[in-house]
Amino acid sequence: MTTVFAAILIVLMGGGFFYLKIRVDRVVSGEEWIRKIRDEIDQLVLEMNQTAERNVALLEHRIKAMQNLLNEADKKMIVLQKESEKSDLSRQVYTHLKKQVVPENGMNSGKNVEEVDLPLFAQPTSRDGTEHPPVILEKEPPPLKEKVMDLYGQGFSTEIISQKLGASISEVDLIISLKTGRGGPG
């Protein structure tokens, strides 16, 4: 009985050994490792492709945004250049007009043309010296200078004044600078 038991034990040990050897060979075999490495590399390549596509999409979006900003900046530069040209032109006009206001002989009568005030009421007198009630003279609509200065005195900006009166901003700036004695626009 011991021999049968020993034989069964040897057969079981041999079977267990071969089973473990096959299992260990399968786990340790090069083909299994190669298959696992290939699967892992394929997964990494797939993740890298997805990341690259996402980054390319982000870069394209930012390039479009940058192009839009550049286009807006170009438009603003064109407007700024036009306004600068207008400002230069108004400075030239202001300088030219200022030269004309100052008399060539350097004499000044003491009053500017703008300071002369015409009466609104005429006080007629008869030949015998008696006064009659005042007659209201019709006043002409105020000139552009007075309208500009009235609106300027109310605190309106030159842009709003030019829109209300239909004059250019340069004209409004020139009138205000001549009236207030500022050094011109700009």
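In order along the stretch 39-46, the phi-based Karplus estimate (6.51 cos²θ - 1.76 cosθ + 1.60, θ = phi - 60°) of 3J(HN,Hα) comes to 4, 5, 5, 4, 5, 5, 5, 4 Hz; Gly and Pro are listed as x. Charge tally for K36 (other residues, Cβ to Cβ under 14 Å; Lys, Arg +1; Asp, Glu -1): -2. T180 contributes an accessible area of around 70 Å² to the protein surface, as traced by a 1.4 Å probe with all chains present.
The charge dipole of the stretch 15-79, taken about its Cα centre with unit charges on the Cβ atoms of Lys, Arg (+1), Asp and Glu (-1) only, comes to about 100 debye. With no solvent and one point per C-alpha, what does the Debye sum give as log10 I(q)/I(0) for the stretch 1-99 at q = 0.15, 0.20 Å⁻¹? Log10 I(q)/I(0), no solvent term: -0.88, -1.03. Solvent-accessible area of D150, all protein chains in place: 90 Å² (probe radius 1.4 Å, heavy atoms, ligands and nucleic acids excluded).
Gain on full extension, evaluated as 0.36 nm per residue between K98 and L58 minus their Cα-Cα distance, stands at 8.6 nm. Legend: residue pairs K76/K164; K75/K179; K75/K145; K86/K164; K64/K86; K98/K147, Cα-Cα distance threshold 31 Å; pairs beyond threshold, K75/K179; K75/K145; K64/K86. In this view, the solvent-accessible surface of E159, computed with a 1.4 Å probe and all protein chains in place, comes to about 90 Å².
The values are calculated or read from the model by the stated rules, or taken from the named source; none is laboratory data. In this text, all values refer to a predicted model and were calculated from it rather than measured experimentally. Here the Cβ is made from the backbone with ideal geometry for all residues, glycine too, and neighbour counts use every protein chain on show. Accessible surface areas use protein heavy atoms only, side chains included; no ligands, DNA or RNA. Shrake-Rupley method; radii C 1.70, N 1.55, O 1.52, S 1.80 Å.
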